[in-house]
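Visitor: Pasting a structure below so you can have a look.
Rule-based calculations on the coordinates, nothing more; no lab input. For clarity, every value in this text was computed on a predicted model and none was experimentally measured.
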Ligand SMILES: [Zn+2]
Ligand SMILES: [Zn+2]
């Protein structure tokens, strides 16, 4: 998986806090927090008192700076302010619920004990992601029944291959119009 800032640099696994695995960019110092790593880490943390009197709203800030693409699912990430106390914005993927932290932002959040706030700040988005994945799993099951296991396996194989290809739309159009000559 490559860095969403440096593009060509491969991210390497690292520990940002005890039990919190991230993917780190050795060039720009950014860190990628995947949903599954965040969840695994969250479960190792003791219960904490959540101050409901002062929730930390996340404000979408998509217009600041150049938008980054999610290193996992390649969707455009949205920028959010995690807390009024910190001066920077973090990039959050609305699709896979991963979080990108530039340069030393991860360390800053860790040192201010704000890392634990991330899953709470993005809880609504995480729920949407889970709901979407649930309905995706249901759809998967329905299609498997409709087309039969073997055919569906081929469709999935093709889907996977397509997702790695440039000019996906053109390839799809080409597939669905086999009688027309494709250039
Ligand atoms: Zn980088
Ligand atoms: Zn994503």
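Visitor: Can you give me the Cα centroid spacing of segment 1-26 and segment 141-166 in angstrom?
Guide: Centre-to-centre (Cα) distance: 31 Å.
Visitor: Provide, for q = 0.21 Å⁻¹, the log10 of I(q)/I(0) from a solvent-free Debye sum over equal Cα point scatterers in segment 78-183.
Guide: -1.09
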